[in-house]
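Okay, structure first, notes after.
Any read-out appearing in this document is the output of simple, stated calculations on the displayed coordinates, not a laboratory observation. Since the structure is predicted, the reported quantities are computational estimates derived from the model, not experimental observations. Glycine gets a Cβ as well: all are built from the backbone with ideal geometry, and neighbour counts include every protein chain shown.
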């Protein structure tokens, strides 16, 4: 009954999640014609940044798809994430602020 | 298996000492008798030497046998038949012990001993030992499933927990299994019930995991139901805890408890209720933050991107003061039954003071409050932000005038409605404000600060002297942000 002699035993306060290994996506080659999603998270002036990025990407021959989260306060919905992954080769997200 | 008598003793029990020579003599004669000591090997051997006993004695390692038969007192004599208990005597009851021995098939000579003498408390009744046994039982039957963090004998638990990234920067109470099991007395819920999935990483908050963090925060059992309700509320999607944690805004979850159980739990609704010195307020508020950190995985400056934070992000919790309130309880306003206790979570900044020591009528008071409310986040930012107002001496003015929540809110809405032209970007020299492309066509139209009267929270709390109110601004609210969430608090006894 003498726990002190062996050191204290405490309960782990975390959720004890294991982080799985996820392979990195293959690098894109940068060739013209790639489809690139620009995700607006709905913060003020995010569109200004993305407009400029779209212009630059178009000038280099990329196809740009503009997308947006419904609100900046929540993670992008799963459907939106899936749609971007299916339709586009790369994603640029304009973070706040 | 034959019948046998098991005698449970401990070395520092004078009644055991009186009885042991007779037990020793019977054991030497080959009686089916086992003597089991609750004391350690050293103390037991010393006793045997002092009393010149020669019969074998078993040490009840980890008190497993004692916990199994669970006597209140020793000496405890158990008549076992194939391990099954057929009779017992606790303490010294000469004739009954002799009868028990006879049933086991041997004679026990107890001449010269007193007829009756109460025994000593079993070691399993020692509070610290009982706690250890309760923790062991909880582990064995699956109530406790958390991984064990085993600290070295020379590790300081306070430093060890901090080094492992499990604190909020202040020392926490080390969450031993004993403390967690004791805290779980505060709820009838099974420790493995899921309370919620905690952002940002979606950690599963079982009652047990919440209790581990509540121990660390300093909770007592009667605080746990408030913490459980607060975690449930925080995990509701419409509260948007993920965004509230990740935002650059300084807000954090503010817990406002309302109802009769708040006093029983020791929550402070009176003087300094938003400050230091009250264990329930501080520990309940802190528990939620530790849950988000440890179960959710949200760490400051990593997942939590707040530019400044605020002191309430250590924990923010207070109770509504029903005595003298101009309004019905917040719990009722939030749709719960009279007499029910609730917690309501808001996504709140630090509170700020609004002084009006002159107003004696509700109209004047509301005009002063409205000036402060207009300034939440920015005087010309509208619709996005909610607010919460708290203050008893100001409350008295409203109570005496008979202004209920609806009346007070309507007046505050009216007084925070502005001319559109004054709210446009550039007006007053400030570039913030309404977009002229959208609103510029109607500069003389009127526009309210808040999206609706219910977006102005009103809670009565604070000390009895001081013509002040406290105003909390909120993080982005409504559909685009966080909606206040209220959950019922389960009575703990």
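Here are the numbers for the structure shown:
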{"item": "Crossing angle, helix B:94-104 versus chain B [Cα axis fit, 0-90 degrees, rounded to tens]", "result": "80 degrees"}
{"item": "Chain B, relative contact order [Cα under 8 Å, separation at least 6], %", "result": "14 percent"}
{"item": "For the stretch B:362-472, projected area of the alpha-carbon convex hull averaged over all directions, nm²", "result": "7.0 nm²"}
{"item": "Cα long-axis angle, helix B:14-28 against chain B (0 to 90 degrees, to the nearest 10)", "result": "50 degrees"}
{"item": "Relative exposure of B:209, B:10, judged by other C-beta atoms within 10 Å (fewest first)", "result": "B:10, B:209"}
{"item": "DSSP bridge orientation in the protein assembly as shown - percent antiparallel, rounded to nearest 5", "result": "65 percent"}
{"item": "Per-residue mean of C-beta atoms belonging to partner chains within 10 Å, peptide B:292-298", "result": "2"}
{"item": "Chain B: Rg to Rh, with Rh as the Kirkwood radius over Cα pairs", "result": "1.19"}
{"item": "Overall dimensions of the stretch B:3-125 by Cα: Rg and Dmax, Å", "result": "12.8, 34"}
{"item": "Tail beyond 39 Å, pair distance distribution of the protein assembly as shown (Cα, percent)", "result": "49 percent"}
{"item": "Helix-only [θ]222 nm of chain B, DSSP H runs n ≥ 4, -39500 (n - 2.57) each, per residue, nearest 500", "result": "-9500 deg cm²/dmol"}
{"item": "Cubic angstrom per residue, convex hull over Cα atoms of chain A", "result": "180 Å³"}
{"item": "Percentage relative contact order, chain A, counting C-alpha pairs under 8 Å, at least six apart", "result": "37 percent"}
{"item": "Calculated over the stretch B:143-282: convex hull of Cα atoms, volume per residue (Å³)", "result": "135 Å³"}
{"item": "Which of B:354, B:295, A:28 has the fewest Cβ neighbours within 10 Å, and the rest in rising order", "result": "A:28, B:354, B:295"}
{"item": "Per-residue Cβ neighbour rank within 10 angstrom, fewest leading, B:472, B:69", "result": "B:69, B:472"}
{"item": "Rounded to 10°, Cα long-axis angle of helix B:207-217 versus longest principal axis of chain B", "result": "80 degrees"}
